[in-house]
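Comments concern the structure below.
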Ligand code: CAA
């Protein structure tokens, strides 16, 4: 059987590629478990600073595996506890860049939204079409999409099942940048390489601070940010970064 997730590293970058082409990378439980294993492995590997999560040029992911859910009962669904899987992805501390080409639908769109930046190819299509199969988004779509693009556009996607083109998604604030189809993976890797030159502990702290915006008031968020900022003065990389600036040389970060 072929690997559901292809994994490889490139310098300080850990790359995970969804690989279930026969069903458009439908996110089966087994695929999700393997994905979590790979992403968590990178998160725990001190030589990896940034993660890239990619699909193929044809499809990022067409959603949860409908075949696994079609005949499920409420008890089946709640016993499967898929939320626990998504929480494992949410818990990844290092920045994740999604490289999206083709469909990112349902759980696929939700997976892209679990990432921290989205590089999209011109052919990317984002959607939450669960309404067309009798349900609604169940892996954060109603919450993350609404926060990303606002209530009125999110409502149309969730209630009418409308897809956003890459350009529309960019204009709405859902993606970081749009590039030509043949460029999407290279561009995601280029962005990852930029991040990989940064101090990894500061990357993690900065990700944590930005994500805190969803749960904290402005005052609590400012306080939280300040504490994370101060905490970085306990790192060697802060000394190295600021000394290198003063000495007009390139910093050499160690993640310490
Ligand atoms: N689950 C299981 N199998 C899927 C799938 C999915 N989400 N999406 C596609 N496939 C399978 C198809 O059944 C088909 O298999 P066969 O060749 O054996 O028939 C194969 O992948 C190719 O798909 P299509 O022939 O349908 O390809 P297409 O190019 O004509 O259409 C598509 C592409 C518009 C993406 C269409 O496949 C589609 O609508 N897929 C379902 C999208 C969807 O509803 N996603 C939401 C799932 S629910 C969810 O994600 C819940 C959640 O919030 C967690």
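The values are calculated or read from the model by the stated rules, or taken from the named source; none is laboratory data. Predicted, not measured: the structure shown is a model, and the values here were computed from it. Note that we place each Cβ from the backbone using ideal geometry, even for glycine, and neighbour counts take in every protein chain shown.
Suppose the filter is within 14 Å of the ligand (Cβ to nearest atom) and either in a helix (DSSP H, G or I) or closer than 19 Å to residue 26 by Cα (or both); does residue 98 pass it? When the stated conditions are applied, residue 98 does not pass them. With respect to the stated conditions, residue 104 is within 27 Å of residue 212 (Cβ to Cβ) and surrounded by 15 or more Cβ atoms within 10 Å (Cβ to Cβ). Of all the residues in the range 195-231, those that are assigned to a helix (DSSP H, G or I) and under 21 Å from residue 176 (Cβ atoms) number 16.
Among the residues making up the range 20-64, those that are closer than 19 Å to residue 198 by Cβ and touching a helix residue (DSSP H, G or I) at 6+ places or on another chain (Cβ under 7 Å) are 48, 49, 50, 51, 52.
Residues 247, 252, 240, 208: which one is surrounded by 14 or more Cβ atoms within 10 Å (Cβ to Cβ) and either free of Cβ contacts under 8 Å to residues at least 12 places away in the same chain or more than 30 Å from residue 103 (Cβ to Cβ) (or both)? Quick ask: steps written out before the conclusion?
Working: 247 fails: surrounded by 14 or more Cβ atoms within 10 Å (Cβ to Cβ); 252 fails: surrounded by 14 or more Cβ atoms within 10 Å (Cβ to Cβ); 208 fails: surrounded by 14 or more Cβ atoms within 10 Å (Cβ to Cβ).
Exactly one residue qualifies, and that residue is 240.
Could you tell me whether residue 219 is within 16 Å of the ligand (Cβ to nearest atom), exposed (fewer than 14 other Cβ atoms within 10 Å of the Cβ) and free of Cβ contacts under 8 Å to residues at least 60 places away in the same chain? Taking the combined requirement at face value, the residue does not satisfy it. For the range 76-88: of the residues being closer than 30 Å to residue 199 by Cα and within 12 Å of the ligand (Cβ to nearest atom), which is farthest from the chain's Cα centre (by Cα)? That would be 85.
Which of the following residues is surrounded by fewer than 24 Cβ atoms within 10 Å (Cβ to Cβ) and touching a strand residue (DSSP E or B) at 6+ places or on another chain (Cβ under 6 Å): 46, 95? Reasoning before the result, please.
Working: 46 fails: touching a strand residue (DSSP E or B) at 6+ places or on another chain (Cβ under 6 Å).
Just a single option satisfies the conditions, and that option is 95.
Here residue 214 meets the list (1) without any contact (Cβ under 8 Å) to a residue 60 or more places away in the chain; (2) over 30 Å from residue 57 (Cα atoms); (3) touching a helix residue (DSSP H, G or I) at 6+ places or on another chain (Cβ under 7 Å) almost entirely, failing just condition (1). For the range 130-147, a residue qualifies if it is buried (at least 21 other Cβ atoms within 10 Å of the Cβ) and near the ligand (Cβ under 8 Å from one of its atoms), and the qualifying residues are 130, 137, 139, 141. Quick check on my filter: what residues within the range 46-75 are more than 15 Å from the ligand (Cβ to nearest atom) and under 18 Å from residue 35 (Cβ atoms)? Once the filter is applied, which keeps residues that are more than 15 Å from the ligand (Cβ to nearest atom) and under 18 Å from residue 35 (Cβ atoms), the range 46-75 yields 48, 50, 51, 52, 53, 54. When the residues of the range 106-126 are narrowed to those that are closer than 20 Å to residue 180 by Cα and near the ligand (Cβ under 10 Å from one of its atoms), which ends up farthest from the chain's Cα centre (by Cα)? Ranking the candidates gives 125 first.
Considering every residue within the range 147-161, establish whether at least one is closer than 21 Å to residue 38 by Cα and within 15 Å of the chain's Cα centre (by Cα).
Of the residues in the range 147-161, the ones closer than 21 Å to residue 38 by Cα are none.
No - not one qualifying residue is present in the range 147-161.
Residues in the range 74-87 that are farther than 19 Å from residue 7 by Cβ and in contact with a helix residue (DSSP H, G or I) (Cβ under 9 Å, 6 or more places away or on another chain): 76, 77, 80, 82, 86. When 169, 160, 180 are screened for being assigned by TED's automatic domain parsing to the domain that holds residue 113 and crowded, with 17+ Cβ neighbours inside 10 Å, only 169 passes.
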